[in-house]
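Take a look at the structure below.
The values are calculated or read from the model by the stated rules, or taken from the named source; none is laboratory data. Note that the structure is a prediction, hence the values are computed from the model and not measured. Please note: Cβ atoms are built from the backbone with ideal geometry, for glycine as well, and neighbour counts cover all protein chains shown. Ligands, DNA and RNA are stripped out before the accessible areas are found, and what is left, the full protein with its side chains, is counted by its heavy atoms. Shrake-Rupley method; radii C 1.70, N 1.55, O 1.52, S 1.80 Å.
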Amino acid sequence: MTDLSSTAEEIIRRTRPLILSGGYDGFSYADISNVVGIRKASIHHHFPTKAQLVRVLVEQYRREAVEGLRQLDQAIADPAERLRAYTGYWQNCIASGSEPFCVCALLASQMPALPAEVAAEVRAHFRALAAWVASVFRQGIEQGGLQMVHEPQIEAEVFVATVHGAMLSSRAHGDAAVFEMIVGPLVERFVR
């Protein structure tokens, strides 16, 4: 779904923090109605089911992530700096509270309870993110600036899991500095 009305966009924008604070089952159309200021019937007009709403939200989130990664690729030539910029993005989001957690990471923790169409979008996000990290690793190896013990795809999965685990630890401790404490050394272990 690419051509959303302004009301549908507003519904998605206001749903995102609800998911981040309570997960898939932590909000209802009544909650959205209260924050958007429209009737539940209007929400159902745009998104007949909660699963459809969250699927579209995650689909949009994935597009934003892909675009952000593309911009990193274009703006930063050095692979290690690109990885630092990626983790720095999350450090800033967590410290400012603007996006204290990855929507897909939160939903992944609820995978067994998610509708199939939402779970498929979450899996696609993680596959795309790991593929990007692996490509950055491969480029870093080719340029001679990065080294790793395992093949890039394995290291990419470890990297992604560590970044998202650091988000969880930061949230559990209620301290944004925990994220940096965990992720700061992560990039450095790959630098030659």
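For the stretch 167-178, the criterion of a residue being among the β-branched types (V, I, T), within 23 Å of A77 (Cα to Cα) and in a helix (DSSP H, G or I) is satisfied by no position. Just one of (1) modelled with pLDDT of 95 or more; (2) under 19 Å from H125 (Cβ atoms) fails for E81. It is (2). Just one of the listed residues (H164, H150) is at pLDDT 95 or above and not in a helix (DSSP H, G or I), namely H150.
Out of the residues in the stretch 106-118 that are assigned to a helix (DSSP H, G or I) and in contact (Cβ under 8 Å) with a residue 12 or more places away in the chain, state the one that is surrounded by the fewest Cβ atoms within 10 Å (Cβ to Cβ). Only one residue tops the list, namely A113.
For the stretch 54-105, the tally of residues that are open to solvent by less than 50 Å² (accessible area, probe 1.4 Å) and either in a helix (DSSP H, G or I) or closer than 17 Å to W132 by Cβ (or both) stands at 28. Do you know which residues across the stretch 165-190 are over 19 Å from the mean Cα position of the chain (by Cα) and surrounded by 15 or more Cβ atoms within 10 Å (Cβ to Cβ)? Matches in the stretch 165-190: F190 only.
Filtered by the rule that a residue be aromatic (F, W, Y) and within 12 Å of the chain's Cα centre (by Cα), the stretch 111-140 gives a lone residue, F126.
Exactly one residue out of G140, G144, G184 is at positive phi and out of contact with any Cys (no Cβ under 7 Å at 6 or more places or on another chain): that is G144.
Among the residues of the stretch 134-153, the one identified as among the aliphatic types (A, V, I, L, M) and open to solvent by 80 Å² or more (accessible area, probe 1.4 Å) is V149.
Considering only the stretch 1-53, state which residues are open to solvent by less than 50 Å² (accessible area, probe 1.4 Å), within 20 Å of L107 (Cα to Cα) and not in a helix (DSSP H, G or I). G23, F27, S28, F47, listed by residue number.
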